[in-house]
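Quick notes on the structure that follows.
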Amino acid sequence: MRKMLLLLSVCLLISATLHADTVQYTLTVVSDKSVGSVGVEDKTNNTFKSCNGTTPCTFTFAAGTEIKLNAFSSNPGTIQFQIWKPISGSALACNIAGPGCTFTLTQNSSATARFEEVLQLSVQIGTGTGRIRVLIKNNILVTDCTAKAPQLCGAGQFKGSSITIQNFPDSGQKFGGYGHGSGSATACTTDPCTFVLNENSRVVTNFVPAN
């Protein structure tokens, strides 16, 4: 009787183990731009799958599989990866990651790679001396940079970013207005100045003698 109970227990244990091994979850990925793609690497089994464009792809993996997502732009000069959003399930780990994100699949999950157009922002000093503070805010982060002639501050920024320009003249100088601005920056008339970056833009600050 004991042998039979022992054999039954072993069989149940093996059955439960086999059942656990067969648990599978789905992972759905997609790009929000036709120029984007998502690579899905199964690091547990060393396999790779790809999902191109805006049609969602759903893949099935065993529970506990280590997944690495990678976002790629086919036109990185003008469109770049911005953020993983929306995301659910195990892929929530991608919420704080860059275009390459690794997580363990423990439930049905999904992730969308968001891409955005990159525009050029040039901020510099035209006349006089001082520095320019540029606060660049989008839905991911805030970048604070400064420029002193002849340096440039700005470079490539995501379309739709909020740009704030503040000018700090050196001793004996004062803010003398903007000159030769272009694009979205033509909205700048006062210090500080805030505008939304919706086209390639250039800001030139002039400092003049205080007396």
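Values in this text are rule-based calculations from the coordinates and carry no lab data. Everything numeric in this text was worked out from a predicted model, so none of it was measured. Here the Cβ positions follow ideal geometry from the backbone for every residue, glycine too, while neighbour counts run over all protein chains shown.
Give me the mean projected area, in nm² to one decimal, of the convex hull enclosing the Cα positions of the stretch 24-117.
Projected over every direction and averaged, the Cα hull of the stretch 24-117 covers 5.0 nm².
Distance check, please: which entries in LYS68/LYS137; LYS49/LYS85; LYS49/LYS159 exceed 22 angstrom between their Cα atoms?
Among LYS68/LYS137; LYS49/LYS85; LYS49/LYS159, the Cα-Cα distance tops 22 Å for LYS68/LYS137; LYS49/LYS159.
What distance in nm lies between label points placed 7 Å from Cα along the C-beta direction at THR47 and LYS137?
Rounded to a tenth, the inter-label distance reads 4.6 nm.
Between ASN75 and ALA210, what FRET efficiency comes out of the Förster formula 1/(1 + (r/R0)^6) with R0 = 45 Å and r the beta carbon distance, rounded to 0.05?
0.40
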